[in-house]
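Chemist: So that we are looking at the same thing, I have put the structure below in structure tokens.
The values are calculated or read from the model by the stated rules, or taken from the named source; none is laboratory data. Fair warning: this is a prediction, and the values are worked out from it, not measured in the lab. Counting neighbours? That spans all protein chains shown, and the Cβs are built from the backbone with ideal geometry, glycine included.
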Amino acid sequence: MLLNNMTQVRCQLWGNSPSKVDLWTLQSSQVKVEVLTLGAIIRSVWTKGKDGEMEDVVLGYDDLQGYVSDKRYFGAVVGRVANRIAQGCFVADGKTYRLDINNGPNSLHGGLHGFNKAIWIATAVEGGVKMCLTSPDGDQGYPGEMQVSVTYTLQEETLTVEYQAQSSKTTPINLTNHSYFNLAGQKCCATFMPDVTRHTPAKNINFHLAADNVYDHEVSITAHSYLPVDGTSIPTGEIKAVDGSPFDLRQPVLIGPQLKKVPGGGFDHNFCLSSPGDPWTERIAARVYHSVSGRILEVSTTQPGVQFYTANFLDGSIMGKGGVKYGKHCSFCLETQNWPDAVNWASFPDCLLHPGKEYQHLTRFTFTYAD
């Protein structure tokens, strides 16, 4: 066990798998975070509410097999390119590359076997853990051998995620973490749902836990513009002001009422935190407040965008922690990243990593509460 800056860092073998998977625990006086070497996954974040009780606010699974078979990227680092690339096609250094299609007509989150399914090599650092991965030339169709690292450090109530990468060939890159949050916590967000049919006797009714929605969460995002998308969630190329639209989240709004105004079943859109060409400096991106528990999540980042996603595609078929079924709108994601499909839009922030250059970004998640 390492103890640095009042943060305890521990490591243990987790689950049974042919590939060794470790679970790293980072614990301060305010927050406890668990991270897996599979997918560099944030497995849990335990944080206090106004009642003083610690609750896990991240969705996921009780066992390793859940994460191995997961198709929704719970807690994972996704790459090489997070979000979608239209038609799974792009041009780099004059050469056309074609990727596997795994989301309608598009490539999503790095392909069929992206970084979320890789076993990362972990080493302890001050206050946290550094995860490293070598992505070979041609991995999922992407050019160049890429050396990637993701470092998680915890200091008091703030979890910092630092991304770094180098490549031997010009390649697109867009790394993010895909944690699903519900600030009510795993226990507080569970309700009993009967599993019944017309002919089921009352005495044989089975009850299952279902994750409640996040309609009572209050969200604000600092973006002045967002990216409209087509029917396959690819940006149209327009950079549209949020003024007068359901996408104006600059002042806090309750998620539930706001979702009724958004076409397509919910939020799954990039909010533009900076303009193309702006320096990549750290800025406040978003804040979410849950009045019942008092929990607050604040996100800052050097990334030019944040994908706000309200779990529109969860349908209750996934059994998560504690036997909870995860349904539509049961959680939210704040995926700090470059703009989707940026490799195919010259007007979007550059996402190409060239040999001899370094990709470097950070995101901070701060967990507090209000009485």
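Chemist: Out of curiosity, is Gly138 in contact with a Lys or Arg (Cβ under 9 Å, 6 or more places away or on another chain) and either over 21 Å from Glu335 (Cα atoms) or small (Gly, Ala, Ser) (or both)?
Modeler: On the way: in contact with a Lys or Arg (Cβ under 9 Å, 6 or more places away or on another chain): no; either over 21 Å from Glu335 (Cα atoms) or small (Gly, Ala, Ser) (or both): yes.
The answer is no for Gly138.
Yes or no, residue by residue, for (1) buried (at least 24 other Cβ atoms within 10 Å of the Cβ); (2) without any contact (Cβ under 8 Å) to a residue 24 or more places away in the chain:
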position: Val21; (1), (2): no, no
position: Glu34; (1), (2): no, yes
position: Ala40; (1), (2): yes, no
position: Gly79; (1), (2): yes, no
position: Leu112; (1), (2): no, no
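Chemist: Which one of Gln251, Gln186 is in a loop (DSSP other than H, G, I, E, B), at pLDDT below 95 and not aromatic (Phe, Trp, Tyr)?
Modeler: Numbers: Gln251 fails: at pLDDT below 95.
Gln186 is the lone residue from the list that is in a loop (DSSP other than H, G, I, E, B), at pLDDT below 95 and not aromatic (Phe, Trp, Tyr).
Chemist: Could you list all residues from the stretch 313-341 that are of a type in the set (A, V, I, L, M, F, W, C) and in contact with a strand residue (DSSP E or B) (Cβ under 7 Å, 6 or more places away or on another chain)? So that I can check it myself, show each step before the final result.
Modeler: First pass over the stretch 313-341, keeping only residues of a type in the set (A, V, I, L, M, F, W, C): 313-314, 318-319, 324, 330, 332-334, 339.
Leu314, Ile318, Met319, Val324, Cys330, Phe332, Cys333, Leu334, Trp339, listed by residue number.
Chemist: Let me ask something else. If Ala346 satisfies every condition in (1) aliphatic (A, V, I, L, M); (2) surrounded by fewer than 18 Cβ atoms within 10 Å (Cβ to Cβ); (3) at pLDDT below 95 but one, which is the exception?
Modeler: Every condition holds for Ala346 apart from (3).
Chemist: Yes or no: Arg43 out of contact with any His (no Cβ under 9 Å at 6 or more places or on another chain), at pLDDT 95 or above and not polar (S, T, N, Q)?
Modeler: yes
Chemist: Starting from the stretch 42-58, keep only residues that are outside any strand (DSSP E or B), then list their pairs with residues that are among the charged types (D, E, K, R) whose Cβ atoms are within a distance under 7 Å, requiring at least 6 positions of separation or different chains.
Modeler: What qualifies is Gly49/Glu55; Gly49/Arg295; Lys50/Asp371; Val57/Arg295.
Listed here are the residues, each with its yes/no results for (1) closer than 21 Å to His329 by Cα; (2) surrounded by 15 or more Cβ atoms within 10 Å (Cβ to Cβ); (3) under 16 Å from the mean Cα position of the chain (by Cα).
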residue	(1), (2), (3)
Val45	yes, yes, yes
Lys71	yes, no, yes
Phe74	yes, yes, yes
Asn83	yes, yes, yes
Gly88	no, yes, no
Asp93	no, no, no
His109	yes, yes, yes
